[in-house]
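Okay, so here's the structure we're looking at.
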Amino acid sequence: MSILILLMLFLMIWLFVKFTWVMLKVCYVFCIGIPLALVFIMIGVVLCCTLILAPIGSSLMRLAGRVVYPF
């Protein structure tokens, strides 16, 4: 009986930790990832308009994708 209670307790703690990590990832994506990616994309578009800085602009656009979801 005590093994079953310990197993249920472990399962509840594990689910709580998993849920917490998922919520932290969602908060990161919406609060930090998307706004930062939008800034990178806007700077990248401006840099792509110049011929010399086009490689840096395209690199910033690729970086924006990694910023949104780095997991």
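Consider region 47-61. How many of its residues are in a helix (DSSP H, G or I) and surrounded by 12 or more Cβ atoms within 10 Å (Cβ to Cβ)?
9
Is it the case that Ile34 is modelled with pLDDT under 90 and part of a helix (DSSP H, G or I)? Explain how you work it out, then say what you get.
Values: modelled with pLDDT under 90: no; part of a helix (DSSP H, G or I): yes.
So Ile34 does not fit the description; no.
Here are some conditions: (1) surrounded by fewer than 10 Cβ atoms within 10 Å (Cβ to Cβ); (2) under 11 Å from the mean Cα position of the chain (by Cα). Leu4 meets all but one. Which one does it not meet?
That leaves (2) as the condition not met.
Anything in region 26-44 that is open to solvent by 40 Å² or more (accessible area, probe 1.4 Å) and in contact with a helix residue (DSSP H, G or I) (Cβ under 7 Å, 6 or more places away or on another chain)? List them, or say none.
First, pick out the residues of region 26-44 that are open to solvent by 40 Å² or more (accessible area, probe 1.4 Å): 26-28, 30-32, 34-36, 38-43.
Selection gives Ile34, Leu36, Phe40, Ile41, Ile43.
The values are calculated or read from the model by the stated rules, or taken from the named source; none is laboratory data. Note that the coordinates shown come from a computational prediction; the quantities given were computed from them, not determined experimentally. Cβ atoms come from the backbone with ideal geometry, glycine included; neighbour counts cover every protein chain shown. Quick note on the areas: whole protein, heavy atoms, side chains included, nothing else; ligands and nucleic acids left out. Shrake-Rupley method; radii C 1.70, N 1.55, O 1.52, S 1.80 Å.
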